[in-house]
Amino acid sequence: RREGSPITFDFYGSGASEVELRALADRVGATNIKFHGRVPVEDAFRASATSLAQIICLQPSPLFADTVPSKLFSAFAAGSPILYGLQGEAQSLAAESGGGLSFDPNNAQTLVTAVNDLLSLSVAEREAMRARLRHYFAENFNPEVLLRQYVEILGPSSQASTKSVSR
């Protein structure tokens, strides 16, 4: 906001830090931040899909190094460029998708840089990021694709045993 950026940050959902974040936004006069609280999943997805970008961040820690947040898969499906502060497998997936820009979650200036880098891209470049994300989701995480892959891996013999177990 100080740099004259037209960006508004919209927070959907509520978490353990929501009260602190609201207080911080009020304290620093961050009028470009809006808290929407809990909303239906469809509304949050629609907001993500139509936004300039989505931010996905986890506090760096050994525990989170092995964590892939479920919202990452939703972000791929939404197809809106991802600004990500992740590590481990989650970072690898975000990078591999071709639809995101990384930042260091311990350094706020790197998020500012990522936002500015995104803004410096042409509309066509941002649309290409969106297309890569949607394609990445379709090829790797679409439930129908996953089910087909599981059936192929498990093969016909496991289908027979599954049927006999379910009777």
Output the residues belonging to the stretch 112-167 that are modelled with pLDDT of 80 or more and among the charged types (D, E, K, R).
D117, E125, R126, E127, R130, R132, R134, E139, E144, R148, E152
Among (1) in contact (Cβ under 8 Å) with a residue 12 or more places away in the chain; (2) touching a helix residue (DSSP H, G or I) at 6+ places or on another chain (Cβ under 9 Å); (3) outside any strand (DSSP E or B) - the single one G15 does not satisfy:
(1)
Being at pLDDT 90 or above and among the small types (G, A, S) is the filter; apply it to the stretch 1-28 and report the residue that is farthest from S120 (Cα to Cα).
A23
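Do you know which residues across the stretch 50-67 are polar (S, T, N, Q) and open to solvent by 50 Å² or more (accessible area, probe 1.4 Å)?
T50, Q59
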Assess whether S97 counts as being closer than 18 Å to R130 by Cα and in contact with a helix residue (DSSP H, G or I) (Cβ under 7 Å, 6 or more places away or on another chain).
yes
Need pairs with beta-carbon distance below 7 Å; first residue among the aromatic types (F, W, Y) and within the stretch 79-91, second crowded, with 22+ Cβ neighbours inside 10 Å and assigned to a strand (DSSP E or B); sequence gap 6+ or separate chains.
Y84/G100
Which ones in the stretch 1-45 are of a type in the set (G, A, S) and open to solvent by 70 Å² or more (accessible area, probe 1.4 Å)?
A16
Test for S80: is it in contact with an Asp or Glu (Cβ under 8 Å, 6 or more places away or on another chain), under 17 Å from G13 (Cβ atoms) and open to solvent by less than 60 Å² (accessible area, probe 1.4 Å)
no
Picking from E3, E20, the residue that is of a type in the set (D, E) and either farther than 19 Å from T113 by Cβ or within 18 Å of the chain's Cα centre (by Cα) (or both) would be E20
Being within 21 Å of L58 (Cα to Cα) and open to solvent by 60 Å² or more (accessible area, probe 1.4 Å) narrows it down to one of S92, S120, so name that one.
S92
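The values are calculated or read from the model by the stated rules, or taken from the named source; none is laboratory data. Keep in mind the model is a prediction, meaning the values are calculated, not measured. Using ideal geometry, Cβ is built from the backbone for each residue, glycine included, and neighbour counts are taken over all protein chains shown. Heads up: the accessible areas ignore ligands, DNA and RNA and are worked out on the full protein's heavy atoms, side chains in. Shrake-Rupley method; radii C 1.70, N 1.55, O 1.52, S 1.80 Å.
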